[in-house]
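Peer 1: Got a structure for you, written out below as structure tokens; questions coming shortly.
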Amino acid sequence: MAPGSVFTVGLIGAWYSSNIGVLLLNKYLLSNYGFKYPIFLTMCHMTACALFSYIGIAWLKLVPMQAIRSRTQFVKISALSIIFCASVVSGNISLRYLPVSFNQAVGATTPFFTAVFAYLMTLKREAWVTYLTLVPVVTGVIIASGGEPSFHLYGFIMCVSATAARALKSVLQGILLSSEGEKLNSMNLLLYMAPIAVVLLLPATLIMEPNVVGITIALARTNFSIIGLLLVNSATAYFVNLTNFLVTKHTSALTLQVLGNAKGAVAVVVSILLFRNPVSVVGMAGYTLTVFGVILYSESKRRLK
């Protein structure tokens, strides 16, 4: 195997590991470990992203620094940061109540929400074939919901909210930062979004999760591993973004999309093996149908381009 191919395979492996790792660590902390503070956990993630983004761009020169050019651009980035926060917090809340397998099934419906928001906000229409592929995407989640032994309504609503917010951010990012003078690569966008997210999440943490720092310190006195888990979890959250950027750079956006579909399936299998959550044949059939729909959607978009 050529050195370049080895490097690319290594990058993909790192991307898979960080994505699945942060998902499983979030689930372990919020559900199995009993650390019931999803907003504080998200703030830890964003703090790590802000710190590592600055080190990676300003010191290590992973990508050239791109400056914010206007107050308008800053307002647009702040709006994206608010939606990004809502997505991550909702996703973390959902993991308190739902198994990773079902969480991933709902998350696979992102293309459906992206198509809806793209039409509502830009009046951009896709080909009828593309819309047709979204039918199994949604149908699969409906089937999976009915066959999910650990279904929890509030967790399901939070998971759907996270998926919708993720799609909304993607569409808005394309609209708000579309001009040549405003375009930022994903690493620079994270550099500016993460500190804004921390500023937003700090008061939310103090109001909605009071004394969480004191509780964390008390937990650390009896079991110091909580500190290590939070540090590893937060660092992994940054590496998800870093490896996502690098895999896209060294392969293509389409390859990333295909690999992402497979990643969800791998995460489901690993989570079931680790957490032993009950699954049903109906639930797995629904998830399989959703993934199949996402693959058809990606292929339809590729061919029409």
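The values are calculated or read from the model by the stated rules, or taken from the named source; none is laboratory data. What you are looking at is a predicted structure, and each value in this text was computed from that prediction instead of being measured. Cβ placement follows ideal geometry from the backbone for every residue including glycine, while neighbour counts extend to all protein chains displayed.
Peer 1: Go through (1) surrounded by 15 or more Cβ atoms within 10 Å (Cβ to Cβ); (2) over 19 Å from T243 (Cα atoms) and name the single condition V75 misses.
Peer 2: It is condition (1) that V75 fails.
Peer 1: Among K124, K169, K183, which is surrounded by fewer than 16 Cβ atoms within 10 Å (Cβ to Cβ), of a type in the set (D, E, K, R) and within 21 Å of N244 (Cβ to Cβ)?
Peer 2: K183
Peer 1: From the residues in region 93-113 that are surrounded by 22 or more Cβ atoms within 10 Å (Cβ to Cβ) and among the β-branched types (V, I, T), which one is farthest from R166 (Cα to Cα)?
Peer 2: Checking each candidate, the answer is V100.
Peer 1: So, one more: Out of A197, A204, which single residue is in a helix (DSSP H, G or I), in contact (Cβ under 8 Å) with a residue 24 or more places away in the chain and in contact with a His (Cβ under 9 Å, 6 or more places away or on another chain)?
Peer 2: The match here is A197.
Peer 1: Looking at (1) touching an Asp or Glu at 6+ places or on another chain (Cβ under 9 Å); (2) more than 25 Å from E182 (Cβ to Cβ); (3) modelled with pLDDT under 95; (4) not small (G, A, S), which is the one condition that is false for R69?
Peer 2: (2)
Peer 1: On to the next question. In region 133-149, which residues are assigned to a helix (DSSP H, G or I) and either without any contact (Cβ under 8 Å) to a residue 24 or more places away in the chain or surrounded by 17 or more Cβ atoms within 10 Å (Cβ to Cβ) (or both)?
Peer 2: T133, L134, P136, V137, G140, V141, I143, A144, S145, listed by residue number.
Peer 1: If you don't mind, there's one more thing I want to ask. So A220 clears everything in (1) surrounded by 18 or more Cβ atoms within 10 Å (Cβ to Cβ); (2) under 21 Å from H45 (Cα atoms) except one condition, right? Which one?
Peer 2: (1)
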